[in-house]
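Values in this text are rule-based calculations from the coordinates and carry no lab data. Keep in mind the model is a prediction, meaning the values are calculated, not measured. A quick note on method: Cβ atoms are made from the backbone with ideal geometry, for glycine too, and the neighbour counts reach across all protein chains shown.
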Amino acid sequence: MYNKNMEEKYNKFIYNDEDSSKMFFLCIMIPLFLGLILTIVLNLIANSVNLKTFAESPALYCVYLLLINSSLLILFFLYNKKNNINFIKASLIKVKFGLVNLILSITIAFVTLFGFLYFINYLTYLLQTIGYNPDSSLPLPLSNAGWLILNIIMLAVVPAICEELIYRGVIFNGLRKFGSLGAVVISALIFALAHGSAMQFFYQFILGVVLAIAVLKSGSIITSMVIHFLNNTIVVVYNYIFNDSNTSINYDITAVLMSFLFAIIAGLLIWFLFNFMREYKHNKDGESTNEEYKTYYKDTNKKFSNSKSTLLFFTALTISIAIWITNTITV
């Protein structure tokens, strides 16, 4: 069981459940209020040029996406500075994380997306049968190579950095006291809810699990950034290539069984690939950051440290669920 000396040794180099709860609460509230302000301001600008909403203007929507994601990045750096935390070590930002881990990350990204594609499409089809059919197209045009590059930057590069630092860097690592499985599942649930859509929920939860395990296995958040970036980039490129495609699948019993079979095979293959992922250690004589997390939380109570952490976490969770439900039923 860790003592005061151990806490003093590690408290500037790891995140705890209090950090995770605070970050969860802040990353829900700040984008929420900023989004409301931006919506008002950008809609006024859009109305001045005879547009109903700013979403009809690619330029204004780019500004919206950039400012929302920038708020997460600013939040991340300000929080670490205020609490005097070494965010590079605490977030497991290791640029040198091993060639094998890079190859595995790339492979896992493709397997996750294409392996679960038919299963997610089937779940989407079920949602559509009960009347839930939101616009699933990308928010920015994809009419030429220039727009393709901008889409990749706005929808792949920026989220892969900003979201990973928040959801895997702070939230996942801060939840490790609840055990590896608990941290993976809870952080994936938070990540899925944050996207605020029933249409995206199932896949984002699966992706969140994969991203968290990648960090856990490799000891580097760069692996999850690579997977996240490739996942989003593939989606953008696919939509660019098949922009006018409007194919539909007849979900008879064979198609349904195949979608489940592909998902099971993909899950087993990802589990197999993760067995080859290892933490790349820079200091052979000392503990890796992953080992420090294990040491710090060894034999600890799997409870929140204090009532403030508990209150912040469940308040943020309640708000996330409320936003998710509201977005789902008002589509």
Can you tell me which condition Gly182 does not meet? The list is (1) more than 15 Å from the chain's Cα centre (by Cα); (2) outside any helix (DSSP H, G or I); (3) small (Gly, Ala, Ser), and all the others hold. (2)
Just name the residue that is surrounded by the fewest Cβ atoms within 10 Å (Cβ to Cβ) out of those in the range 119-148 that are under 21 Å from the mean Cα position of the chain (by Cα) and assigned to a helix (DSSP H, G or I). Asn121
Restricting attention to the range 231-242, does a residue exist that is under 12 Å from the mean Cα position of the chain (by Cα), over 24 Å from Lys302 (Cβ atoms), of a type outside the set (Val, Ile, Thr) and assigned to a helix (DSSP H, G or I)? yes
Candidate set from the range 302-324 (those that are touching a residue at least 12 places away in the same chain (Cβ under 8 Å) and not in a helix (DSSP H, G or I)); member that is farthest from the chain's Cα centre (by Cα): Asn306
